[in-house]
Amino acid sequence: MKAIVRIGILKAIAFSVVIISCLVSCTACEPEDLNPSISISSPESVTGNSAVLVASLSPKSRTLSVNFEYFSNGIWQSVEAGSYSGNQIVIVKKTISNLNPGKSYQFRAEASEGSNFKVTSETKEFKTLDQSILNLKVVKIGLTTMSLTINLVPKFDNTKVQVDYTANGTTFTKVSNSSYSGQTAVDINFNLDNLVKNTDYQLKIKALNSSEAVLDTIIKTCAVTDYDGNPYHIVTIGNQVWLQENFTGTHFANGDPIPNITDQAQWEATTTPAYCWYNNDSKNGEVYGGLYNFYVASDSRGLIIGYHTPSLDEWTTLSDYLGGANVAGGKLKVSGSSGFNGIYSGVRQDISFNKTGFSDFGDGSAFWSTTNFMGMSNVAYCPSIDKTSALLQLHGASYYDDAYSIRLIKN
């Protein structure tokens, strides 16, 4: 009997193993899910007014129509993306446009087969870029022309730049030849011509897209140029008309050249007209003008036709009009109220003041007058301004061989 029981137990165990194996085998052989599916990814190429919506579709042998939906103006907008079939996963993309800059949008995707089947993805959110960025990078102003370099970060597709410029009630328009897209900054050049000298032009610079990016500014054409073509603005202060920039020419008004001397010893030894740039760097001259000895400032050939280097009396008249020497210096600075735009162009003097000869750049300026100091034959008055003071130092004086700025006044 024991043997029979043992055999019965073995048969029962064997039967159980067979049953479990079948169950496992049946589970492994369950039919594959035949239902299509769709999911979405983060949008691509998002700009200020457009985005590419992206979905991953598994058709599972059905022929499915795919739509993207995005939430805008309080309702779900639908755009058709096409029909797809087969057994492979398909990446579906669709560009949507006419969006608003800097706004968040919800979106989802839907795949359907008529009224027989429909599946909808999860919902995600994305944000369009903010409006385009415009900066006026470079302005070169002439008597009747302006050269503008406008720096643009489009953020929108197919963006052009438009410049409207208005004077005396008349508006003119120029538009860039090319269009730009993406988030990389580009420089766009405009040349405005046939302008009127000494005239304010109101400029409205616009990015031509839905971002409504606008840059407004006023630029005035110049009133006069020197022999080299360098342009200058003018400002009326009291009864005087002054140039608003330091003289920066390298020729006298008749075209005779002014020698450029870089060597300090040679500079100190010269008794004829000469000029230099601060630190002998011509780039400083582009903003601050040149530095000239007295022989240039007082030369009878003149520097700009119709203008001259002022006398001490003319500097004093300017000072009195602005309230006296104690406050006039502050009003003559770039930050002052007079429009004189005095900048701190530095000086060049004897090496006993500074071992290179150059000093005070960014801290002060001195300007030649044509009046000799107390009757001395080699010393002239040179009014000066200082960054730390409101004083116009009217009665400073210097030897003819020092190098200062020249600011001209109208005859």
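The values are calculated or read from the model by the stated rules, or taken from the named source; none is laboratory data. Computed from a predicted structure; not experimentally measured. Neighbour counts run over all protein chains shown; Cβ positions are idealised from the backbone, glycine included.
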Worksheet item: How many residues does segment 257-306 hold that are polar (S, T, N, Q) and in contact with a Cys (Cβ under 8 Å, 6 or more places away or on another chain)?
Response: 2
Worksheet item: Quick one: F247 ticks every box in (1) part of a loop (DSSP other than H, G, I, E, B); (2) among the hydrophobic types (A, V, I, L, M, F, W, C); (3) more than 36 Å from the chain's Cα centre (by Cα) bar one, so which box is it?
Response: (3)
Fill in: K118, sole failed condition from (1) in the same structural domain as L53 (by TED's automatic domain parsing); (2) over 16 Å from S65 (Cα atoms); (3) of a type in the set (D, E, K, R); (4) surrounded by 13 or more Cβ atoms within 10 Å (Cβ to Cβ)
(2)
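Residues are listed down the side, and each one gets a yes or a no for (1) farther than 16 Å from N284 by Cβ; (2) of a type in the set (D, E, K, R); (3) assigned by TED's automatic domain parsing to the domain that holds L318; (4) more than 32 Å from the chain's Cα centre (by Cα):
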residue: F340; (1), (2), (3), (4): yes, no, yes, no
residue: F358; (1), (2), (3), (4): no, no, yes, yes
residue: G362; (1), (2), (3), (4): no, no, yes, no
residue: A366; (1), (2), (3), (4): no, no, yes, yes
residue: N372; (1), (2), (3), (4): yes, no, yes, yes
residue: A380; (1), (2), (3), (4): yes, no, yes, yes
residue: P383; (1), (2), (3), (4): yes, no, yes, yes
residue: S389; (1), (2), (3), (4): yes, no, yes, yes
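Can you spot a residue in segment 91-100 that is surrounded by fewer than 17 Cβ atoms within 10 Å (Cβ to Cβ) and closer than 15 Å to V119 by Cβ?
Within segment 91-100, the first condition is being surrounded by fewer than 17 Cβ atoms within 10 Å (Cβ to Cβ), and the residues that meet it are 91, 93, 95, 97-98, 100.
Of the ones still in play, those that are also closer than 15 Å to V119 by Cβ are none.
No, segment 91-100 contains no residue that is surrounded by fewer than 17 Cβ atoms within 10 Å (Cβ to Cβ) and closer than 15 Å to V119 by Cβ.
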Worksheet entry | Output for segment 391-411, where each listed residue is closer than 19 Å to T248 by Cα, in a loop (DSSP other than H, G, I, E, B) and hydrophobic (A, V, I, L, M, F, W, C) | I406, L408
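Among residues belonging to segment 221-239 that are among the polar types (S, T, N, Q) and under 23 Å from Y288 (Cα atoms), point out the one that is farthest from the chain's Cα centre (by Cα). Don't jump to the end; show me each part of the working.
Of all residues in segment 221-239, those among the polar types (S, T, N, Q) come to 221, 225, 230, 236, 239.
After this cut, where a residue has to be under 23 Å from Y288 (Cα atoms) as well, the list is 221, 225, 230, 236.
On the way: T221: 21, T225: 28, N230: 24, T236: 31 Å.
Among residues in segment 221-239 that are among the polar types (S, T, N, Q) and under 23 Å from Y288 (Cα atoms), the one farthest from the chain's Cα centre (by Cα) is T236.
Being part of a loop (DSSP other than H, G, I, E, B) and β-branched (V, I, T) is the filter here, so list the residues in segment 94-129 that pass it. Outline the logic, then answer.
Going through segment 94-129, the residues part of a loop (DSSP other than H, G, I, E, B) turn out to be 97-103, 114-116, 121-123, 128-129.
Of everything in segment 94-129, those that are part of a loop (DSSP other than H, G, I, E, B) and β-branched (V, I, T) turn out to be T123, T128.
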Discussion item. Being under 28 Å from Q244 (Cβ atoms) and assigned to a loop (DSSP other than H, G, I, E, B) is the filter here; which residues of segment 263-296 pass it?
Written reply: P273, A274, W277, D281, G289, G290, N293
Discussion item. Between a residue in segment 188-209 that is in the same structural domain as S97 (by TED's automatic domain parsing) and any residue that is part of a loop (DSSP other than H, G, I, E, B) and of a type in the set (S, T, Y), which pairs come within a Cβ distance under 6 Å, given they are 6 or more apart or on different chains?
Written reply: none
Worksheet, complete the sentence: Wholly inside segment 302-390, strands (runs of 3 or more DSSP E) that include 1 or more residues that are surrounded by fewer than 19 Cβ atoms within 10 Å (Cβ to Cβ) are 358-361, 379-381, 384-386
Practice prompt. From (1) surrounded by fewer than 16 Cβ atoms within 10 Å (Cβ to Cβ); (2) assigned to a loop (DSSP other than H, G, I, E, B); (3) at pLDDT below 95, pick out the condition that doesn't hold for T27.
Written response: (2)
Practice prompt. Identify, by number, the condition in (1) farther than 30 Å from S45 by Cβ; (2) among the aliphatic types (A, V, I, L, M); (3) surrounded by 12 or more Cβ atoms within 10 Å (Cβ to Cβ); (4) under 18 Å from the mean Cα position of the chain (by Cα) that I218 doesn't meet.
Written response: (3)
Worksheet, complete the sentence: Selection over segment 164-190 where residues are more than 19 Å from Q131 (Cβ to Cβ) and either surrounded by 12 or more Cβ atoms within 10 Å (Cβ to Cβ) or of a type in the set (F, W, Y) (or both) yields a count of 6
